[in-house]
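Where a number appears in this text, it was derived from the coordinates with a stated rule and is not lab data. As the structure is a computational prediction, the values presented were derived from the model and not from experiment. Positions of Cβ are backbone-derived with ideal geometry, glycine not excepted, and every protein chain shown enters the neighbour counts.
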Amino acid sequence: MLLRLCRVLNLVVLSANAAHEVLQLQDHAFASWPALAIPWRLLYGCTDIAFTSHGAYWRGVCKIAVPPPADPARVRAYRGVREEEVAELVRKVEQQAHEGGDVVRLSELLSGFAKDVNGWIVLGVRTSGRASWRAKVDALLEESIVLLG
């Protein structure tokens with residue numbers, strides 16, 4: 001079924017056979033987007049997985065860069081990271097509760113917790129307790145948000 005939503009044409013696929021045809025056999029025809037100026041400058045000519053055009057290059061990069069979903073072994077491997085960071089988060093909450101009374105700003109603590117866990121797992125760098133690393137990660141995130149809008 002072909003739907004027009006505002007100025008955009010949308011294809012709605014209702015059967016499994018048609019979905020297979022669209023998503024696997026004709027993927028290059030349906031999954032394209034216009035070249036964007038800012039990602040072109042930031043991401044080395046749109047060779048990033050998110051912005052490159054579909055084709056042999058994109059499929060090859062995806063096979064290398066996109067890991068399979070979190071399997072039990074991978075989840076177990078990072079158990080220590082999660083436990084240490086949760087213990088640090090609990091310690092910070094208790095410390096702020098004793099110092100500041102009844103109000104504890106969880107938004108800042110949880111944001112820092114997410115950055116710490118992801119930094120440790122993805123980058124291999126423990127950022128909790130290291131203001132210089134935390135500042136670098138924050139600056140990188142802010143710059144990316146500003147540039148990508």
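How do the peptides 7-14, 54-61 rank, highest first, by the average count of neighbouring beta carbon atoms within 10 Å per residue?
Packing proxy ranking, top to bottom: 54-61, 7-14.
So how much slack lies between C6 and V86, counting 0.36 nm per residue of separation and subtracting their Cα-Cα distance, in nm?
Length difference between fully extended and current span is 24.1 nm.
How far apart, in nm, are the 7 Å Cα→Cβ label points at H98 and L140?
3.4 nm
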